[in-house]
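The values are calculated or read from the model by the stated rules, or taken from the named source; none is laboratory data. Note that the coordinates shown come from a computational prediction; the quantities given were computed from them, not determined experimentally. In this analysis, Cβ positions are derived from the backbone assuming ideal geometry, glycine residues included, and neighbour counts consider all displayed protein chains. To get the accessible areas, we keep the full protein, side chains included, count just its heavy atoms, and leave off ligands, DNA and RNA. Shrake-Rupley method; radii C 1.70, N 1.55, O 1.52, S 1.80 Å.
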Amino acid sequence: MKIEQTNDGRKGYFEALEEGKQAGKMTYTWAGDTKFIIDHTEVNEAFNGKGVGKKMVMAAVEYAREKNIKILPLCPFAKSVFDKTPEIHDVLFS
């Protein structure tokens with residue numbers, strides 16, 4: 001599974017692709033230059049139970065670490081991943 005990011009400076013998304021098919025998409029909105037808000041995560045039904053959502057959240061965490069920015073997970077799914085994964089709290093906007 002491949003995770004790709006698209007970013008236009010104000011909004012963006014992480015997209016999970018498997019064999020050319022969209023497995024899931026997680027959207028975010030920038031809040032200034034130093035943080036973004038994850039506002040929605042969606043997984044294609046055919047890929048339920050395969051960890052697609054978590055893989056997209058972890059790609060966002062990796063991106064935040066590389067760019068030294070913070071994440072505010074407003075999306076209930078993304079928030080639950082942060083709540084269950086203390087080792088990614090370094091990128092959490094508080």
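Working note: Karplus 6.51/-1.76/1.60 with θ = phi - 60° gives the range 54-62 the couplings 5, 4, 5, 4, 5, 5, 5, 4, 4 Hz, where Gly and Pro are set to x.
Proximity of backbone amide H atoms, modeled 1.01 Å from N, is registered between Phe93 and Ile71, Leu72 at under 5 Å, excluding neighbours fewer than 5 places apart on the same chain. Per residue, the chain exposes an accessible area of 60 Å² to a 1.4 Å probe, with every protein chain left in place. Of all aspartates and glutamates in the structure, the ones whose alpha carbon falls short of 18 Å from that of Lys70, not counting any fewer than 8 places away in one chain, are Asp8, Asp33, Asp39, Glu62, Asp83, Glu87, Asp90. Seen from all directions on average, the range 1-44 presents a Cα convex hull projection of 3.1 nm². Applied to the range 65-75, the Karplus parametrisation 6.51 cos²θ - 1.76 cosθ + 1.60 on θ = phi - 60° returns per-residue 3J(HN,Hα) values of 5, 4, 9, 6, 10, 10, 10, 10, x, 7, 4 Hz, with x for Gly and Pro. Of the trypsin sites (Lys or Arg not before Pro) found in the range 1-58, those in coil by DSSP whose Cβ has at most 16 other Cβ atoms within 10 Å are Arg10, Lys50. Using a probe of 1.4 angstrom, how much of the accessible area of the chain is carbon and sulfur, in percent? It is 49 percent, rounded to a whole number.
Taking the DSSP beta bridges with both ends in the range 25-94, the antiparallel portion is around 55 percent. Subtracting the Cα-Cα distance of Leu74 and Asn44 from their residue separation scaled by 0.36 nm leaves 8.8 nm.
Dipole magnitude for the chain: computed about the Cα centre from +1 point charges on Lys and Arg Cβ and -1 point charges on Asp and Glu Cβ, it is near 120 debye.
Ignoring aspartates and glutamates fewer than eight residues from Lys50 along the same chain, the ones with Cα atoms less than 19 angstrom from its Cα are Glu4, Glu15, Glu18, Glu19, Glu42. Note on the chain: Kirkwood radius taken over Cα pairs, Stokes-Einstein applied at 25 °C and 0.890 mPa s, translational D equal to 187 µm² s⁻¹.
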